[in-house]
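What follows draws every value from the coordinates through simple rules; no lab data is involved. Computed from a predicted structure; not experimentally measured. With ideal geometry, Cβ positions are generated from the backbone for all residues, glycine too; neighbour counts draw on all protein chains shown.
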Ligand SMILES: Cc1cc2nc3c(=O)[nH]c(=O)nc-3n(C[C@H](O)[C@H](O)[C@H](O)COP(=O)(O)OP(=O)(O)OC[C@H]3O[C@@H](n4cnc5c(N)ncnc54)[C@H](O)[C@@H]3O)c2cc1C
């Protein structure tokens with residue numbers, strides 16, 4: 001196996017997704033097809049040689065060749081995210097290596113199985129790659145996204161998700177607002193809990209394969225609840241973005 | 001000066017401990033959680049710990065028997081492949097060397113498969129578990145180890161990336177060859193030395 005090399009990518013586009021989230025498009029000198037759910041490692045180097053490395057999920061589907069999209073949430077005291085958010089412009093170079101990860105991935109062989117995606121905040125990113133790829137291959141498996149966000153300003157990819165939900169009767173978009181829902185909101189509110197997950201699961205006629213991604217406490221809570229209500233633990237895949245609190 | 005650098009990027013937090021942070025890692029004061037799936041719940045009445053495979057007589061301890069073994073305190077730095085390093089963590093547990101006094105490991109044994117509740121496995125050279133280099137941790141920072149962090153008992157091999165420190169440990173199987181465990185089959189390094197940055201299989 002060849003070493004996963006560090007590559008010098010170039011930022012070719014920047015999209016402001018929400019007040020605290022931006023998508024950077026990187027053109028890679030050598031693009032390798034990825035599986036939805038995989039990530040790249042990104043490395044920043046300071047002038048004095050100090051380096052910081054973080055992982056970022058790939059938002060784009062493998063059908064988008066030559067480039068990858070990374071969607072980055074701004075964390076105020078975040079060493080890497082705040083630089084990517086405020087310090088990077090179009091044309092800037094960024095060192096990355098990937099694609100990485102062989103477990104939190106959605107493969108075409110799963111395209112007939114019912115699918116439950118649960119995201120908290122920027123945890124939507126790898127799940128978005130799955131949804132985009134699923135739409136591209138025209139999969140018709142029953143699919144539900146349960147997306148926990150703080151306020152109506154924080155729904156990353158909202159327009160695209162709404163469009164996907166309108167075009168595909170097998171895909172349901174469920175958003176829960178933990179702080180401030182839109183004024184005319186009739187859907188879920190508050191943190192994801194047992195009753196909410198049971199209700200979501202009742203939409204499936206057979207147990208789904210589940211992917212849960214986001215801040216560690218949300219992932220813990222959701223994955224454990226899904227196991228408690230009877231989903232086989234091996235059918236629940238998780239990715240934790242951090243942090244932990246304690 | 002670095003030949004390539006990101007304009008305007010600099011260290012956010014000063015650190016006088018940089019010599020203890022392996023390449024590509026950063027120091028955290030949290031204790032993040034990394035697991036492939038949900039956290040298993042293990043009632044202590046059913047808990048057992050076994051030594052099996054290439055041993056003269058397999059051994060199995062109950063929770064009570066295991067806790068009656070001599071305990072030691074350990075202070076270690078731990079390094080997770082997801083890039084965080086936590087310095088000076090305090091543990092209490094049973095050294096693997098202590099466990100090995102109870103089972104005669106056959107001379108042909110070279111590697112160990114650590115296996116866990118929840119079917120997680122990870123492979124480690126036997127030598128890396130010996131001579132006090134590794135232990136089964138039962139208490140962390142003075143408290144019983146919580147399930148999120150691998151409780152009731154987790155293997156701790158501080159000098160390798162932390163996924164080698166199998167959570168919810170159930171036993172050690174001694175083998176005469178190296179075999180890939182759970183993350184290793186998924187493309188992670190067979191050995192996982194943080195100082196050589198052996199994160200992925202291709203770094204070996
Ligand atoms: C496999 C994987 C995929 C990831 N994918 C993405 C992605 O697609 N988009 C994305 O934005 N992030 C993603 N992350 C998180 C990302 O790697 C960084 O941890 C995050 O950007 C924070 O780094 P930082 O240097 O800005 O903050 P740091 O300087 O490391 O931390 C600053 C402070 O923020 C806290 N903190 C750290 N991480 C988070 C977090 N995720 N949320 C809130 N607070 C945090 C820390 O506890 C600390 O107090 C992913 C992580 C993993 C492991």
How shielded is A:94-106 by partner chains, expressed as the average number of their Cβ atoms within 10 Å of its Cβ atoms? 3
Round to the nearest 10 and give me the degree value, 0 to 90, for the angle of helix A:124-136's Cα axis relative to the longest principal axis of chain A. 80
Note down the Stokes-Einstein diffusion coefficient of chain A in µm²/s, whole number, using a Kirkwood radius over alpha carbon pairs, 37 °C, and 0.692 mPa s. 176
Average other protein chain Cβ within 10 Å of Cβ, residues A:49-59: 4
Counting pairs of Cα atoms in region B:44-112, how many percent are more than 18 Å apart? 54
Fraction in percent of alpha-carbon pairs per bin - 10 Å, region A:7-100: 17, 54, 27, 2
Please check which bits of region A:143-158 a label hung off residue A:113 would reach, taking the label as a point 7 Å along Cα-to-C-beta and the cut-off as backbone N under 15 Å. A:143-144
Cα gyration tensor, region A:128-246 - rounded (a/c under 1.5), prolate or oblate: rounded
How big is region B:48-203 in terms of Cα radius of gyration and Dmax, in angstroms? 14.5, 42
Take B:102, B:71 and order them by how many other Cβ atoms sit within 10 Å, fewest up front. B:102, B:71
Hey, rough spin-label estimate for residue B:7 and residue A:184, points 7 angstrom out along Cα→Cβ, what's it come to in nanometres? 4.6
How would A:17, A:199, B:148, A:239 line up from fewest to most surrounding beta-carbon atoms within 10 angstrom? A:199, B:148, A:17, A:239
Taking the Cβ of each residue in A:118, A:96 as the centre, tally the other Cβ atoms inside 10 Å and list the residues starting with the fewest. A:96, A:118
Roughly how crowded by other chains is peptide B:75-87, in terms of the mean Cβ count from those chains within 10 Å of each of its Cβ atoms? 1
Report the normalised scattering of the protein assembly as shown as log10 I(q)/I(0) at q = 0.07, 0.13 Å⁻¹, calculated by the Debye formula with identical scatterers on the alpha carbons. -0.37, -1.24
What nm distance separates the two modelled labels at residue A:67 and residue B:89, each placed 7 Å from Cα along Cα→Cβ? 4.1
In nm, spacing of pseudo-spin labels at residue B:50 and residue B:62 (7 Å Cα→C-beta vector): 1.7
Quick calc, residue A:191 & residue A:167: beta-carbon distance into FRET formula, R0 25 Å, rounding 0.05, result 0.25
Please give the FRET efficiency for residue B:131 paired with residue B:202, using the beta carbon to beta carbon distance and R0 = 35 Å, rounded to the nearest 0.05. 0.70
Give me the number: length gained by fully extending residue A:204 to residue A:77, i.e. 0.36 nm times residue separation minus the C-alpha to C-alpha distance, one decimal in nm. 41.6 nm
Would you mind putting B:42-51, B:134-143 in packing order, based on average other-beta-carbon counts within 10 Å, highest first? B:134-143, B:42-51
